[in-house]
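Working notes, structure below.
Derivation of every value follows stated rules applied to the coordinates shown; laboratory data play no part. Keep in mind the model is a prediction, meaning the values are calculated, not measured. Positions of Cβ are backbone-derived with ideal geometry, glycine not excepted, and every protein chain shown enters the neighbour counts.
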Amino acid sequence: MNNRLNIIYKKLYAHSGPQNWWPADTPFEVMVGAILTQNTNWRNVEKAIGNLKKHRLLEPDRLYRLSYKRLAALIKPAGYYNIKAKRLKAFLKFFIKNYKGNIRNMSLIDTHQLRHQLLSVNGIGPETADSILLYALDKPAFVVDAYTKRILVRHHLIKADASYEQIQSFFRKGLKTNVKFFNEYHALLVKAGKDICLKAKPKCAICPLKSIK
């Protein structure tokens, strides 16, 4: 299985090239983006983050002091803005209370322990927690999303009812543990899921993985 997973990576990389993901200026921006991207597309998240940047609010303390109503209005382009404002506030409270809003303080914590802490924050599930760990803190957490699952199911690598943890374990057991590799692999799967392995009418004829058995 290790060989098959590596073949998938090589074919996706040859087809799409490096993705340079996550697009952000700071690790904190990645954290905010990971929460805002829940149930929406990245273009909408970019608009919301653009609003925060425009008002110079993309800093932990400033964002935490911002009123809930004002925060919700600024992130409105990301959709579900009332819910996401609550989730951002919950995360900011956790981040400031436990780590004084300092990325370095947070990055020193063991990956497993930090993941457990993140999952205890209201509104942060496995995908969001792992996105923060991998893309903001350079921790070796393989992110699993709908694109990843769809591609693996269609290539008969996992069952349709496989859980998040089962899929993540599948990658961790089959691949070398490397932050940059996990980063690029996940980004390539997202690219393939968005452009080729569509939910409806997938473009199988041009899929770089069509020859994999």
Pairs from LYS93/LYS149; LYS47/LYS86; LYS11/LYS194 whose Cα-Cα separation, in the structure shown, is over 21 Å = LYS93/LYS149
Using Cα positions and a limit of under 16 Å, work out the aspartates and glutamates in reach of LYS53, with same-chain residues fewer than 8 apart set aside.
-> ASP25, GLU29, ASP61
So how far apart, in nm, are the two label points at ALA146 and ASP195 if each is 7 Å from Cα heading toward Cβ?
-> 2.0 nm
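Starting with the highest mean, order 181-191, 27-37, 102-112 by the number of other Cβ atoms within 10 Å, averaged over the residues of each peptide.
Values: 181-191: 21.0, 27-37: 22.6, 102-112: 13.9.
For the peptides 181-191, 27-37, 102-112, the packing ranking is 27-37, 181-191, 102-112.
Would you compute, from DSSP H runs of 4+ residues alone, the mean residue ellipticity of the chain at 222 nm, taking -39500 (n - 2.57) per run and dividing by the full residue count, rounded to the nearest 500? Could you put the intermediate results ahead of the total?
Numbers: 12 runs with 127 residues, N = 213.
Calculated at 222 nm, the ellipticity per residue is -18000 deg cm²/dmol.
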Checked the chain with the C-alpha gyration tensor, a ≥ b ≥ c its square-rooted eigenvalues, rounded below a/c of 1.5, otherwise prolate if a/b is larger than b/c and oblate if not; verdict prolate
Which whole-number percent is the relative contact order of the chain (Cα, under 8 Å, 6+ apart)?
-> 25 percent
Roughly how compact is segment 27-136, stated as its Cα Rg over 2.2 N^0.38 Å to two decimals?
-> 0.98
Select from segment 42-89 those trypsin sites (Lys or Arg not before Pro) which occupy a DSSP coil region and have at most 10 other Cβ atoms within 10 Å, ordered by residue number.
-> ARG56
